[in-house]
1. On the basis of being touching a residue at least 24 places away in the same chain (Cβ under 8 Å), out of contact with any His (no Cβ under 8 Å at 6 or more places or on another chain) and not hydrophobic (A, V, I, L, M, F, W, C), does Q227 make the cut?
2. Which numbered condition in (1) surrounded by 10 or more Cβ atoms within 10 Å (Cβ to Cβ); (2) over 45 Å from the mean Cα position of the chain (by Cα) is the only one that F249 fails?
3. Being part of a helix (DSSP H, G or I) and modelled with pLDDT of 80 or more: is that true of I71 here?
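The values are calculated or read from the model by the stated rules, or taken from the named source; none is laboratory data. These numbers come from a predicted model, not from an experiment. Neighbour counts are summed over all protein chains in view; Cβ atoms, including those assigned to glycine, are modelled from backbone coordinates with ideal geometry.
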Amino acid sequence: MLQDFFILCSGADSKILKTCSKGEQNKYAGIGATVFFTAIMAFIASSYALYTVFDSIYAAAFFGFIWGLLIFNLDRFIVSTIKKRDNFGQELVQATPRILLAVIIAVVISKPLEMKIFEKEINQVLLEQKNELTLANKEQLALQYTPTVEQLHQDIISLKSEITNKEMETNALYDIYISEAEGTAGTKLLGKGPVYAEKREKHDAALAELQALKTTNAEKIAGIESQIALLNTEYAEVVKNSQPIIDGFDGLMARITALGELPWFPSFFIFLLFLAIETSPIIAKLLAPKGEYDIKLEEEESILSSWVAQKVAQRKLIVSTDGEINQKIYEDLKGEEELYGYKKKKAEELLRLQANSFHNIQVKGLK
């Protein structure tokens, strides 16, 4: 039963193959087994690849099963359409398009399995790429906020500088009126005279202005710091909202790209393995000598071809003969006076009817 199933997978005519030797049946059962297990590998590979797309095992298994059936049908078609002939060059030409198709199928099958085999290495590459994307994303988003924040910091520095300058001015006035009281500068008279009072008044006015400036600028600085905090919060929120997009950067295309970052040598040999599996039924058919099944199949096709050619020739002969007979019959009828008189009578009746009909139409048009 298992052998019958694999023979079915090989695309061979089971009716003809049952009349062949056991060795011939085993050969085609082996070819069918290769076709079957290639389809199984295609199902596994495509299911994994589609799982990375859909994130659903049921959807991936369903579409993977469809893909496996497609590969099975293609391989079965490829193998069944290669027929052994006495000319190897003709067979090779016949098989070349099918080999190219097998190469394409091997690439499609091998890539998802390569991604599964090198999954840990691919994850490491993706992690590095995600980190780079995270840093680049933060830098790009910072460009929208940094100029504004820096300007606000400059405003704070400017406000603090105003206070510092006013403090320096107030301290200078303090030193002046103290020096006047001590008699070390100004009038150089010891004691608190009119000049001292005048200078003390200037200092007190500057001190009052300093206190007012500190209060005003402190309020301004607090408002600017609130703006900076708000911008920093907004920046952090934008970075947080964009991070899931970067975290989701592990789809099929991203994994294929990451696989391309790894050394090509292991991937190349995995591809060669699947290429050997995929092309093995075709190569086996090409290299195998012409067997009993091929001879019987060629005989069946020859019988059918001969029968079709015979039927076509017979139909052509019937048509040709019938044409000649009809030609002769009509030639003989040309001399029949009775037939001539009958056709003449019918023609006269037809002309009368046409004349009457034309007359009636004309009369109706005049009324």
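1. yes
2. (2)
3. For I71, the condition - part of a helix (DSSP H, G or I) and modelled with pLDDT of 80 or more - is met.
Listed here are the residues, each with its yes/no results for (1) of a type in the set (F, W, Y); (2) farther than 26 Å from P97 by Cβ; (3) touching a residue at least 24 places away in the same chain (Cβ under 8 Å).
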{"residue": "I282", "(1), (2), (3)": "no, no, yes"}
{"residue": "L286", "(1), (2), (3)": "no, no, yes"}
{"residue": "E299", "(1), (2), (3)": "no, yes, no"}
{"residue": "S302", "(1), (2), (3)": "no, no, no"}
{"residue": "K316", "(1), (2), (3)": "no, yes, no"}
